[in-house]
Amino acid sequence: MTTELPTLPNPEITPSVAHFWEAAGEGKLDIRHCRSCNELHHYPRSFCPFCYSDDLDWQTVSGKGTVYSFSVMRRAPVPFAIAYVTLEEGPTILSHIVRIDLDDIAIGQKVQVAFADTQDDGPKVPVFEAAS
């Protein structure tokens, strides 16, 4: 069975994550970058989890990554898969895996970002699919 998501609920958009959702709406995956220690991190937050600096900016990343771990939810009304994806740039993101047969998802699999719709034409949500 190929993973297809139902339309996702709209995320809550706060000032600290507004840029992330705007970028996703433009088809870009932007994550936080610390100017003090030069580390990238995700989820978006107002301080660096490595050095606690608040000197942060946003960096657009490739959206390419590798499945670190995953779980398939087969008892849901529409079966789906979630995974930790380690981006080529280093950070790991928790997201959905889409357009892949649930039985074919594997740790170490190469994936790339795609963007799923949300309710009421809300912002796009980053998800991952098999790399081409």
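Within the set [x] 1.16; [y] 1.07; [z] 1.49, the number that Cα Rg over 2.2 N^0.38 Å takes when calculated for this structure is listed as [y].
Amide H contacts of residue 56 (H built 1.01 Å from N, in plane; Pro and chain starts excluded): 35 sit under 5 Å, all sequence-distant by 5 or more or on other chains. Per atom type, the range 17-130 shows carbon and sulfur on 47% of its accessible surface, probed at 1.4 Å.
The values are calculated or read from the model by the stated rules, or taken from the named source; none is laboratory data. Quick caveat, the model's predicted, so the values are computed rather than measured. With ligands, DNA and RNA removed, areas are computed over all heavy atoms of the protein, side chains included. Shrake-Rupley method; radii C 1.70, N 1.55, O 1.52, S 1.80 Å.
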